[in-house]
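For reference, the structure discussed in these notes is given below.
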Amino acid sequence: MAKLIATLGTSPGGVFETYVNLTSGNYEGENAVPADITEVYVIRTTDKSVEFAWKLVKAIFACCKGEGVNLADIPIPIQDINSTQDFKVFKSGVLSRISVGDYVDFTGGRKAMGVAAALSARERGAHVLTTIIPQGEYNRISEEIKGLTSKENLVEMAGKGNCSEVKDVICRLVSKNARTVLLY
């Protein structure tokens, strides 16, 4: 079985949207068929806002029909990609987790993170893809995220499956119009 390996920035929904689109076969690309993915590796930096986005990813999967998948948090020990060395550390962290046939989503995070992920995928013979969220929805989702920053304890509880108090807002972080495009 293939894994989905996704880079994460400060907007968490893209990881879930990519997972849903891949597993349902609802993506653009040759021979688009449902992918059998039971593991999602989320690769991120240790920046505080990205750590919060990881908590939101867990809550989205727990509250918005992401059952049956194992989520793995892969924090790369850098704050951001600010140098050649940071890029090499990030790329090495991504590369070490990819196998032939995996799906690598480079949507989240800084451009340098996406480049590192896409290059690593090509080196390992993995699929390369991205998910596009319409700008208006992206802006709306960003505002929703700002409203959740003061409710971090509820977000953490939702990530453990206790969704009752924040389910509606958590599931609004997912774009219904996101398009996933398989490039390789």
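None of the figures in this text is laboratory data; all of them are computed from the coordinates on show. Bear in mind the structure is a predicted one, so any value in this text is a computation, not a measurement. Note that each Cβ is placed from the backbone with ideal geometry, even for glycine, and that neighbours are counted across all protein chains shown.
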Extension gain (nm, one decimal) between Gln79 and Ile132, 0.36 nm per residue minus Cα-Cα: 16.6 nm
Added length on full extension, which subtracts the Cα-Cα distance from 0.36 nm per residue, Asp36 to Ser49: 1.6 nm
Only Lys, Arg (+1) and Asp, Glu (-1) charged, at Cβ; segment 2-182 dipole about Cα centre in debye: 200
Gap separating the Cα centres of segment 121-157 and segment 9-58, nearest whole Å: 8
Kirkwood-Stokes translational diffusion coefficient of segment 70-166, alpha-carbon pairs, 4 °C, 1.567 mPa s, µm²/s: 83
Those residues of segment 34-50 whose amide nitrogen sits under 11 Å from the label point placed on Ala72, 7 Å along Cα→Cβ: 39-43
Whole-Å semi-axes of the ellipsoid equivalent to segment 132-184 (Cα gyration tensor, √5λ, descending): 24, 14, 9
Stokes-Einstein translational diffusion, the chain - Kirkwood Rh over all Cα pairs, 0.890 mPa s, 25 °C, in µm²/s: 151
Cross-link pairs Lys91/Lys176; Lys111/Lys160; Lys88/Lys176; Lys3/Lys65; Lys88/Lys151 - those with Cα-Cα distance over 23 Å: Lys91/Lys176; Lys111/Lys160; Lys88/Lys176; Lys88/Lys151
Equivalent ellipsoid semi-axes - Cα gyration tensor, segment 1-80, angstrom: 23, 13, 11
